[in-house]
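Notes for the one structure printed next.
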Amino acid sequence: MPAQAGLNINYGLPVMVLLPLAAAAKIFHWHATVVLVVNIVAIVFLSEAISISSEELEEHLGELQGALLNATFGNTVELTAGTLALVHGEIPFAQSVMVGSILSDILLVFGCCLVTASYNKDVLEFNGALAKTLSSLMMITAVALLLPTALYSTFPVSEIDSRVLSFSRGTSLVLLILYAGYLYFYLETHKHLFISCEHNFDEEDEDVELSTPRTTASLASSVIRLVTAVAATIFCTELLLESIGDMAETLGTSHSFIALVFIPLASNSTEGVTVISSSRSGNTDSAIQVIIDSLLQIGLFAISFLVIMGWCIAEPMTLFFDSFQTVAMFLAILVVNHLLRDGQYAYIHGAMLIALYSGLVAAFYTR
């Protein structure tokens, strides 16, 4: 996904202004709302910087290495927030960030894409082979994340934690292998399923960003920019986590609401603007690929990575999420899967996905 089609704003200057403000907010103990806004806006521009740098490196490294790079850095904010929360023993917060990212991608971003693509148009159709393939992977991910909840009702109370922990670690290894298989499927054996939508995506990007030239940055400069942006993202995310208590009290909400809504929205803003802009021509195949790929990165890679990392640092991170969050995520994936399997869509389908996301946000706020 060409990141240059994103916000179309020079991210360098805002970041240079926002990072000192974020540091000042910490040093001088500014109001929690100011800390939240400054760091969230900074993360938005840093996400764009990471996306652009990753795309530049992909041109230097090739498809396979580029795909692995995107898997690692494509969800930097979620991975950073999850890792920092895990290190501090805040496992529910780490899990909430992952769930929130999945929900914002498949409901809010995808819903906006469908509305943009099909408004004032007749009923349109998806690429059947691509949609069915990705929807199957999406359902496998959902089932894997739902199984620990089912296991909790079958084990004796005295054995629940150890059994579910063992199951989660073993399943995470399987999910990582499945993600590697998906990359091989995508890059080697079934490229033809993705070529047409990638070609259309590139053409649409050129129409959207006529004023933005493609960069031909050197490998060294791209690496430096990527490392710098990741380090700045870690800094801003750490500031957010340190102020979570004050933010939750000021906003009158829970810690999990900030993890479920604010952090994913900041992280997915660049990606969302990109795919929504590209879907204006009515071709949503590229949007499906980007959104479902992001879901697979979170569900198969990021969550599994956190479970394995927790195993390494002796933190009991599992695939057993909050029951309400698990049900909400599974139902959302089920709805999107049904839409993809149906093969046809109109703008009303996108409006329903956006409405479902809004309802879930309201439910998370009131919990």
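The values are calculated or read from the model by the stated rules, or taken from the named source; none is laboratory data. Predicted model only: the values in this text are computed from it and were never measured. We place every Cβ from the backbone using ideal geometry, glycine too, and count neighbours over all the protein chains shown.
Conditions (1) surrounded by fewer than 20 Cβ atoms within 10 Å (Cβ to Cβ); (2) outside any helix (DSSP H, G or I); (3) of a type in the set (Gly, Ala, Ser); (4) modelled with pLDDT under 90, marked per residue:
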{"residue": "Phe321", "(1), (2), (3), (4)": "no, yes, no, yes"}
{"residue": "Met329", "(1), (2), (3), (4)": "no, no, no, no"}
{"residue": "Ala332", "(1), (2), (3), (4)": "no, no, yes, no"}
{"residue": "Leu340", "(1), (2), (3), (4)": "no, no, no, yes"}
{"residue": "Ala351", "(1), (2), (3), (4)": "yes, no, yes, no"}
{"residue": "Ala355", "(1), (2), (3), (4)": "yes, no, yes, no"}
{"residue": "Ser358", "(1), (2), (3), (4)": "yes, no, yes, no"}
{"residue": "Val361", "(1), (2), (3), (4)": "yes, no, no, no"}
{"residue": "Phe364", "(1), (2), (3), (4)": "no, no, no, no"}
Point to revise | Tabulated pairs, region 50-78, first over 16 Å from Pro264 (Cα atoms) and part of a helix (DSSP H, G or I), second modelled with pLDDT under 65 and among the aromatic types (Phe, Trp, Tyr), C-beta under 9 angstrom, 6+ apart or interchain | key: Ile52/Tyr11
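Residue-by-condition table, conditions (1) modelled with pLDDT under 90; (2) surrounded by 21 or more Cβ atoms within 10 Å (Cβ to Cβ); (3) out of contact with any strand residue (DSSP E or B) (no Cβ under 8 Å at 6 or more places or on another chain); (4) not aromatic (Phe, Trp, Tyr):
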| position | (1), (2), (3), (4) |
| --- | --- |
| Leu64 | yes, no, yes, yes |
| Gly74 | yes, yes, yes, yes |
| Pro92 | no, no, yes, yes |
| Leu107 | no, yes, yes, yes |
**Study point:** In region 229-263, the residues that are more than 23 Å from Ser54 (Cα to Cα) and charged (D, E, K, R)
**Key:** Glu242, Asp246, Glu249
Review point. Restricting the search to region 256-295, which residues are in contact with a Phe, Trp or Tyr (Cβ under 7 Å, 6 or more places away or on another chain) and either charged (D, E, K, R) or surrounded by fewer than 18 Cβ atoms within 10 Å (Cβ to Cβ) (or both)?
Key: Asp285
Check your understanding: Among the residues of region 109-133, which ones are in contact with a Leu (Cβ under 7 Å, 6 or more places away or on another chain), surrounded by fewer than 21 Cβ atoms within 10 Å (Cβ to Cβ) and hydroxyl-bearing (Ser, Thr, Tyr)?
Key -> Thr133
Review point. Residues that are among the aromatic types (Phe, Trp, Tyr): which helices (runs of 4 or more DSSP H) entirely in region 109-188 hold 3 or more of them?
Key: 160-184
Review point. Can we say Glu315 is of a type in the set (Asp, Glu), touching a residue at least 40 places away in the same chain (Cβ under 8 Å) and not in a helix (DSSP H, G or I)?
Key: yes
